[in-house]
Amino acid sequence: MAEVTLTIDGQQVKVPKGTTILQAARQVGREIPTLCYLEGINAIGSCRVCLVEVQGAKTLMPACVTEVAEGMTVLTNSPAARRARQLNLELILSDHPDECTTCPRNQSCELQALAEKMNIREVRFRGPRPNYALDASSPSIVRDPNKCILCRRCVAVCEQVQGVGAVVPLERGYRTTIGPAFHEPLLEAACVLCGQCVVACPVGALYERDYTEEVWAALADPNRHVVVQTAPAVRVAIGEEFGLPPGAVTTGKLVAALRRLGFDRVFDTNFTADLTIIEEGSELLHRLQNGGPLPMFTSCSPGWIKYMEHFYPELIEHISTCKSPQQMFGALAKTYYPQQAGIDPAAVTVVSIMPCTAKKYEAQRPEMNSSGFQDVDYVLTTRELARMIKTAGLDFASLPEEEYDDPLGISTGAGAIFGTTGGVMEAAVRTVYEIVTKNELPGLDLLPVRGLEGVKEATVTIGDTTLKVAVAHGLANARKVVERVLNKEADYHFIEIMCCPGGCIGGGGQPITRLDDAKQKRMEGIYQVDRDLPIRKSHENPAVQKLYEDFLKEPLGHKSHELLHTTYKVRSRFGSVMEHV
Amino acid sequence: MSKSVGLQEEVWPELERIIQEHRGDRSALIQVLHRCQELVGYLPREVQVKIAEGLEVSLGEVYGVVSFYSLFSTKPRGKYRISVCKGTACYVRGSMEVLERLEKELGIKAGDSTDDGLFSLEVVRCLGACGLSPVMTINDNTYGLVKPDAIPQILRAYRAAGVA
């Protein structure tokens, strides 16, 4: 590739043609401030805080969208550039609410950090403060247009990474806001509530609906028996909130923290991930033996489920009827568990710790009441749990390693890998292979479905059957696979879809990070959990085996259908008002 | 989806035809919006949904464009469309008083229509007749050097014609 030589702050640098000034400056150790820029997703040069001086240019140039040119001389820290950036930042701050101390993004806000970095000590302009209503229509995400700086990062993620387009710029000029078409509440739009907009937002304009107060109240109530489940992806990410690197495996500390917060039992969603494999694997075999419908899609990811309901309702019968592990857990925690423990199911409160905002919505779906109660009472994101741990004054990093409680805390490596893209597929293959062939699977790692590539494929020979599988993560990637299925260009049997890029490790409820390799590291953490567990196949989980013996009797049996399977709803891609028209 | 929500049945075939010409072509969005508004008079939700469906874009993208340009309207406009100029010259020479008087006489705010469907009121930027400022137009008629006190009389004439 052609190279370009230029000078940045007196240092000569050679970079490939097409490189932006922002990227080139990094090579000489200069970090130009940015705000609307999001690597690989949003580069529109709208916030103007990355302005630099280019010798010979008539105006200052935005570094994030200006390509380098041969012989260019760039000054990233000239008085003119610095003044312009400060001025633009002051203008952005001129109508921004002064609510840092009570903002959910306090200390994780990029605008706040930038104001500090650029030494803003005074905002010379006072614009009228906007006064829009909060949109707390959904149980998942809150929109606060008053704090929005119109950077459009959420818009870009929603459109490009997820292919949903639920939030867009509305109106213009001072009246511009970002939100769903017709200014409708998020809950009424064709939004999947995945929360990728939340993790893209630099400020506090989009954040998770907080249920920590409800959980504190349940914990303080002596009449409630409060049990908690932790999703697989939480244990490799929560450490980031306490200064540990992404991917650090903190399972034992997580359990210890939850116990110290006062949960009566600390259980694991990985247990019901194993159970999901038994039910979903049996369902796949049933479909293979009884003529379909195939391909079968996985059903663990509530964002994917809502997406399919809005955008591809014609595929509903292709989705596994299995509830997600979170909901299987909820249904058992209010039936099987109290029966075993000899407690009143009405006294049980179920809390989930999830890397996900869509899980909050899933828990409140009307279908999720098969125990006779709302199966899962409260869903906290990884971030909310981290806040509770901080509030309680626990020093997370120095907590001892503790074990989950029996019986819903026992799990295998197969359950663990649900937390990353490809994991459900790999776990399913480990079990389906052994059920069908009655032989031990030679080598457990299904490498073709691992990694961060958007769409992955594999062919697995099971006895005399050749199973064709596909894995996609991020809904724009999912859509590619779905379109190929609809156009009969693919003959897969089984397809795993995870709504968020990377799978749950990259979920909308995870710690917010701008580290490039965070997803990769969290994924490595997940596979480490798998490697380190003594049992790595779901059907070998002794607690799951006992559950079938004592309670469920058989996969896809009567009790399973009642508690562990569900139905889906036809929705409109144009929002709920178009559903009954 | 029922097609007749608040719209006359007979516009749908033509609407379908316009959209069909640009099926799957997101770059034709503004052009399609123009033609559909010409046909229907405004762009209600069901028309925007049809356009989103046909051009294969999200409803948000359609509504984002509709709400950006003041030329596009999501509400039915009156039989008589009153446009008051708020360009610099008209503004300086009192168009705000003209607008306020119109709002008072009609009982609506700029951007709205009267319940009887007779009048709609909107603000525009420069009609190119600054020498006659303040200026307003009612459909194709232009009124220059408008005094607020002349408003009731002007409206009376349209009311009489509109009811007849």
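Would you work out if the stretch A:431-581 is rounded, prolate or oblate? Take a ≥ b ≥ c from the square roots of the eigenvalues of the alpha-carbon gyration tensor; rounded if a/c is under 1.5, else prolate when a/b is larger than b/c, oblate otherwise. Since a/c stays below 1.5, the shape of the stretch A:431-581 is classed as rounded. Values of log10 I(q)/I(0) for the stretch A:251-410 across q = 0.12, 0.19 Å⁻¹ run -0.60, -1.24, by the Debye formula with one identical scatterer at each alpha carbon and no solvent. Using only alpha carbons, chain A has a radius of gyration to Kirkwood radius ratio (Rg to Rh) of 0.99. How much of the calculated P(r) for chain B lies past 26 Å, in percent of all Cα pairs? Beyond 26 Å sits 38 percent of the P(r) for chain B. Farthest towards the positive end of the charge dipole of the stretch A:214-295, among the residues A:Val228, A:Thr251, A:Leu288, is the Cα of A:Thr251, using unit charges on the Cβ of Lys, Arg, Asp and Glu. Computed over the alpha carbons of the stretch A:196-281, Rg followed by Dmax gives 15.6, 42 Å.
How much space per residue, in cubic angstrom, does the convex hull of the C-alpha atoms of the stretch A:310-358 take up?
117 Å³
Tell me the carbon and sulfur percent of the accessible area for the stretch A:1-107, rounded to whole percent, probe radius 1.4 Å. C and S fraction of accessible area: 48 percent.
For the interface of A with B, what's the total buried accessible surface in square angstrom, probe 1.4 angstrom, rounded to the nearest hundred?
1500 Å²
Percent of accessible area on the stretch A:267-319 owned by carbon and sulfur, 1.4 Å probe? On the stretch A:267-319, the fraction of accessible area on carbon and sulfur atoms equals 50 percent.
Three principal axis extents describe the C-alpha atoms of the stretch A:1-55; from largest down they are 27, 25, 19 Å. Remark on the stretch A:143-238: Rg and Dmax equal 17.0, 54 Å (Cα only).
In this calculation the C-beta distance from B:Asp149 to B:Val92 is compared with R0 = 22 Å, giving a FRET efficiency of 0.70. For the residues of B:61-69, the average number of beta carbons from a partner chain within 10 Å of their own beta carbon is 6.
Which whole number gives the average count of other chain Cβ atoms within 10 Å of the Cβ atoms across peptide B:38-46? Don't jump to the answer; show the numbers that get you there.
Working: counts 0, 0, 0, 0, 0, 0, 0, 7, 4.
Taking all residues of B:38-46 together, the mean is 1.
Relative protection proxy for B:139-151, A:267-279, from highest mean packing down: A:267-279, B:139-151 (other beta-carbon atoms within 10 angstrom). Shielding of peptide A:163-174 by partners, expressed as the average count of other chain Cβ atoms within 10 Å per residue Cβ, is 4.
Scan chain A and note any complete DSSP helix (H) whose C-alpha atoms cover at least 27 Å along its axis and whose Kyte-Doolittle average is -0.5 or more. Span-like helices here: A:269-289. On the principal axes of its alpha carbon atoms, the stretch A:333-481 extends 51, 38, 34 Å, with the longest extent given first. Percent of Cα pairs in the stretch B:46-109 per distance bin of 10 Å, from zero to the largest separation: 17, 34, 26, 18, 4. Site pair A:Thr437 and A:Thr466 shows an inter-label distance of 1.6 nm when each label is modelled 7 Å from Cα along Cα→Cβ. By the equivalent-ellipsoid construction on the alpha carbon gyration tensor, the stretch A:422-487 comes out with semi-axes of 24, 14, 8 Å, ordered largest to smallest. Is there a pair in A:Lys468/A:Lys519; A:Lys17/A:Lys456; A:Lys456/A:Lys519; B:Lys86/B:Lys147 whose C-alpha atoms are over 22 Å apart, and which pairs would that be? The answer is A:Lys468/A:Lys519; A:Lys17/A:Lys456. Each Cα pair under 8 Å and six or more residues apart adds its separation to the average, and for chain A the resulting relative contact order is 16 percent.
Here the dipole of the protein assembly as shown is about 2420 debye; that uses its Cα centre as origin and unit charges on the Cβ of Lys and Arg (positive) and Asp and Glu (negative). If you wrap the stretch A:302-395 in the convex hull of its Cα atoms and look at it from every side, the mean projected area works out to 7.5 nm². Taking every alpha-carbon pair in the stretch A:446-520 and binning the separations at 5 Å intervals from zero gives 3, 15, 23, 21, 16, 11, 6, 4, 1, 0 percent.
With protein chains left intact and a 1.4 Å probe, residues in chain A average 39 Å² of accessible area per residue.
Sorting the segments A:249-262, A:345-358 by their mean number of nearby beta carbons within 10 angstrom, highest to lowest, gives A:345-358, A:249-262. Protein heavy-atom surface of the stretch A:132-171, 1.4 angstrom probe: 59% of the accessible area is carbon and sulfur, with nucleic acids and ligands not counted.
Computed about its Cα centre, the charge dipole of the stretch A:430-542 is approximately 280 debye, with only Lys, Arg, Asp and Glu carrying charge at their Cβ.
List the lysines whose Cα sits under 19 Å from the Cα of A:Lys323, skipping any in the same chain fewer than 8 residues away. Straight-distance partners of A:Lys323: A:Lys306, A:Lys334, A:Lys359, A:Lys360, A:Lys553, A:Lys559, A:Lys569. Mean sequence separation of contacting Cα pairs (under 8 Å, at least six apart), scaled by the length of the stretch A:20-177, corresponds to a relative contact order of 20 percent. Dipole check for chain B: with +1 at the C-beta of Lys and Arg, -1 at the C-beta of Asp and Glu, and the Cα centre as origin, the magnitude is about 480 Debye. Accessible surface for chain B, divided over its residues, is 52 Å² per residue with a 1.4 Å probe.
Farthest toward the positive end of the dipole of chain A, out of A:Val266, A:Gln11, A:Ser538, is the Cα of A:Gln11, where the dipole comes from beta carbon charges about the Cα centre.
The values are calculated or read from the model by the stated rules, or taken from the named source; none is laboratory data. If you're wondering where the values come from, they're calculated on a predicted model, not measured in any experiment. As a convention, Cβ positions derive from the backbone with ideal geometry for all residues, glycine included, and neighbour counts pool all protein chains shown. With ligands, DNA and RNA removed, areas are computed over all heavy atoms of the protein, side chains included. Shrake-Rupley method; radii C 1.70, N 1.55, O 1.52, S 1.80 Å.
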